[in-house]
1. Positive end of the dipole of the range B:91-232, charges at C-beta (+1 Lys, Arg; -1 Asp, Glu), about the Cα centre: which of B:Phe191, B:Gly222, B:Ala165 has its Cα farthest in that direction?
2. Put +1 on the Cβ of each Lys and Arg and -1 on the Cβ of each Asp and Glu in chain A; which of A:Gly176, A:Ile116, A:Gly53 then has its Cα farthest toward the positive end of the dipole?
3. Quick one: Debye curve from the alpha-carbon atoms of the range B:102-150 only, equal weights, vacuum; give me log10 I(q)/I(0) at q = 0.17, 0.22, 0.23, 0.24 Å⁻¹ to two decimals.
4. Kirkwood hydrodynamic radius, computed over distinct alpha-carbon pairs, for the range A:150-235: how many Å, to one decimal?
5. Could you work out the local net charge near A:Ala130, counting Lys and Arg as +1, Asp and Glu as -1, over the other residues with Cβ closer than 15 Å to its Cβ?
6. Extension gain A:Lys122-A:Asp218, at 0.36 nm per residue separation less the Cα-Cα distance, in nm?
7. In a Gaussian network model over chain A where Cα atoms closer than 10 Å are linked, find which of A:Asp128, A:Asp207, A:Asp75 has the largest mean-square fluctuation.
8. In nm, to one decimal, how far is the modelled label at A:Ala72 from the one at B:Gln54, with both set 7 Å along Cα→Cβ?
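None of the figures in this text is laboratory data; all of them are computed from the coordinates on show. Owing to the predicted nature of the structure, the values given are computational and were not obtained by experimental measurement. Note that we place each Cβ from the backbone using ideal geometry, even for glycine, and neighbour counts take in every protein chain shown.
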Protein chains: 2
Amino acid sequence: MINRVMYDLAGANVNLRFSPYCWRSRMALLHKNLQFETVPWRFTDKEAIAFSGQGLVPVLVDKDQVVHDSWAIADYLERTYPDAPSLFGGDKGQSLTRFINEFTHSVVIPGIARLIVSDIVKILDERDRAYFRETREKHFGQPLEEVTSNRDVEVVGFRKSLDPARRVLTRQPYLGGSTPLYADYILFGAFQWARCASPFELLTEEDPIVPWRDRLLDAFDGHARHARPPFLRTA
Amino acid sequence: MINRVMYDLAGANVNLRFSPYCWRSRMALLHKNLQFETVPWRFTDKEAIAFSGQGLVPVLVDKDQVVHDSWAIADYLERTYPDAPSLFGGDKGQSLTRFINEFTHSVVIPGIARLIVSDIVKILDERDRAYFRETREKHFGQPLEEVTSNRDVEVVGFRKSLDPARRVLTRQPYLGGSTPLYADYILFGAFQWARCASPFELLTEEDPIVPWRDRLLDAFDGHARHARPPFLRTA
């Protein structure tokens, strides 16, 4: 029996997991070689995680410890399992990782949201759809279908916003250097969110970010690669 | 006699040093507690640094070693003086610092350039002015005065682009954590460039980035604070 559980955002198909924040925690658990099970969770299942004192996933329950918020989970894993591969490369590395965390939060995730939000609503469980549409349309100030209506043009600006990552990844295989660190999983989680929720391709084939994304899709026996739902798979 | 010299971009006033790339190297030398002298250099003094095999500053001459490019200089200092305070917090930290380097290079420095480039030309030595105006006007595709003509409006977008740094600096005193690392000097160099070349204020008073900038202005006995030329000083 595995005594480690992560509450993980699920779509209408209970096996469809697409939260960018849950993906980074999932990759962090794999990086630490920790076994875990996931509990599928929906936006409207606030009661199911009320024990964590708030209403968002990921929530990690590790034996008797309850940890919410993806950054706190990574910090918890690093402190609790110091002999497993490091997520940060030390305290200074953890401090420096904050910048990539905030860049992803304030640039990449909002940028991707504008490109795929109308696809996300389609994959949600029926109970979640009204909640999601209402909260997100309030945020964007327009219908979700209008937010994404010009995405073939807007994607160009989104790609440009990735220049810092692109320039790093032409110089080294991972943001963390020769091997991936939590910084990589932070950014990767955003791409995996789009990949699992939308048919829209964020990058051009020749983008130097693509081989990095491929390496992380292949990591841990292709764990992330296999997660794309069949209806989004192309030849 | 100090056997360590940095070639440093200077204005018409030979004591006015304003290059963002030289500033990060200067702060790195101070961080390492290394004594050094600087040689003032102008854009058109290509011959003076021809010995380095290229035509840009900073160039560091440390005994018999010649190193150019600010990243290479930081890497050289870290490897050569491992017992002095670390600039990166280890190999992983150095890899993670790359992201802040590329963010500053591709977002912050181009953003500031659009706000101050018409002021920079004014502080240059006469021989440099024609060179600077020609190369920069070619880059921007318009007269330098036109580039900055709308800066009171454009600064709003620039400030927004700093969100990742702003969010980190509300959580910790420095990008490097509780004490500054080279990552801080990279970003700080860009602000110091503006501060030493232009009267234009980049940040609002209440910006959480301001106290961080103040701490770095005060570092090393106020080394950077004292560098602003008198004609740009305000009450």
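1. B:Ala165
2. Of the options given, the answer is A:Gly176.
3. Listed by q, the Debye log ratios stand at -0.50, -0.79, -0.84, -0.89.
4. Result for the range A:150-235 stands at 13.6 Å.
5. +2
6. In short, 31.9 nm is gained.
7. With Cα springs under 10 Å in chain A, the top fluctuation among A:Asp128, A:Asp207, A:Asp75 is at A:Asp207.
8. 4.6 nm
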